[in-house]
């Protein structure tokens, strides 16, 4: 970077040029833009939005000190503002806040204003694309259906408005119990959070909720000061489970289908999830009321991750889960083979003590992605008993690396249609 031009800067401009605020890309973002100006300098902005306000905003530039100063000031001015106000940030606003720039460098402020405006527009475009309910007349939730009561219409609108703030929704399924599906769901959520994503984890296993135990959240309450239900946040994951609502963890939940559907709908509609990159839905085994209700209520699922063990008795049921997904038109993101071999707690070497490869074989047979094999590791059980996400507390193990690698194709599949908003002027 060249800083010769900084000698004629005001004190404020010099400070922002030599100590730029919010410099560097965000791992997760709601809006993004990259613009190359007539002078050849390029600016790139990222932002996250919470409740309609710019929560975080950052930038990079390959330009000189004036570009750094303008980008830094633009992020400072935009942070905390309503998205509509941030989109109207002008060249003059940036120059005024910096105390002015030499005339030959004022174009840097225009480039910063144009780029942050484009990032705001990218966010608004993305919201519209996933059916924003705040006035878009083309939105399915903006029109009352024939024979639909006003109450049902408002209910549907509220559900849709919650879902529209969640970019990607993934359901974790298994054909049978005991395959470690909830363990996989917890660690997938933790891996996504570790990768910088904003993650929610919804436990809809009504009769056997295990997520509160696995994350050390027994006895947690979800009621917020405003009367809304708020997720419990732990290790970067927002969590909701039926287990939070049981007065006694030994009590059995004896509900029929409609009651299960009602509580799942309430978790999706009435919980203040906020802006999320991913919502992981941990479903009970099989293809019954809970997974059916979740898939139908969410509607726009990015896909399902199916968990199995290597043995034939488990892999046979994988076909049922895949058939379930195809009937509901839910994409299958892939199969995870859990408890595949045994990882020695001393040396980490994996020994194939039982049959392996069943998950990969069935994935190959049905032409769906195989995401990976997770070995049996005593530390996974130990972490769950302690109420910890294994991948966070044993991140140096080979098993943790395997789990991190599993999320890469999931992220790629979910985000492959997201292209940066890039412009050359």
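The values are calculated or read from the model by the stated rules, or taken from the named source; none is laboratory data. Being a predicted model, the structure only gives us computed values, none of them experimental. A quick note on method: Cβ atoms are made from the backbone with ideal geometry, for glycine too, and the neighbour counts reach across all protein chains shown.
Observations, loosely collected:
- You will find that of 96, 65, the residue that is more than 21 Å from residue 123 (Cα to Cα), in contact with a helix residue (DSSP H, G or I) (Cβ under 9 Å, 6 or more places away or on another chain) and either crowded, with 21+ Cβ neighbours inside 10 Å or assigned by TED's automatic domain parsing to the domain that holds residue 113 (or both) is 65 and no other.
- Any hit, the range 195-207, residues being on the phi > 0 side of the Ramachandran plot, modelled with pLDDT of 85 or more and assigned to a loop (DSSP other than H, G, I, E, B): yes
- Any chance residue 113 is modelled with pLDDT of 95 or more, under 29 Å from residue 165 (Cβ atoms), in contact with a strand residue (DSSP E or B) (Cβ under 6 Å, 6 or more places away or on another chain) and not in a strand (DSSP E or B): no
- Scanning the range 300-333 for residues that are at positive phi and touching a strand residue (DSSP E or B) at 6+ places or on another chain (Cβ under 9 Å) gives a single hit, 303.
- So residue 13, is it within 29 Å of residue 164 (Cβ to Cβ) and either crowded, with 18+ Cβ neighbours inside 10 Å or within 32 Å of the chain's Cα centre (by Cα) (or both): no
- Meets criteria (under 22 Å from residue 12 (Cα atoms) and either touching a helix residue (DSSP H, G or I) at 6+ places or on another chain (Cβ under 7 Å) or outside the structural domain of residue 29 (by TED's automatic domain parsing) (or both)) for residue 112: yes
- Condition met for residue 179 (at negative phi, modelled with pLDDT under 75 and in contact with a strand residue (DSSP E or B) (Cβ under 9 Å, 6 or more places away or on another chain)): no
- Filter result for the condition that a residue is under 29 Å from residue 333 (Cα atoms) and without any contact (Cβ under 8 Å) to a residue 12 or more places away in the chain, over 212, 258: 258
- Tally, over the range 79-104, of residues that are within 13 Å of residue 117 (Cβ to Cβ) and touching a residue at least 40 places away in the same chain (Cβ under 8 Å): 1
- Boolean, residue 362 is within 23 Å of the chain's Cα centre (by Cα) and either modelled with pLDDT of 90 or more or closer than 15 Å to residue 309 by Cβ (or both): no
- The helices (runs of 4 or more DSSP H) located wholly in the range 243-355 that include 3 or more residues which are surrounded by 13 or more Cβ atoms within 10 Å (Cβ to Cβ), assigned by TED's automatic domain parsing to the domain that holds residue 410 and under 19 Å from the mean Cα position of the chain (by Cα) occupy 257-269, 289-298.
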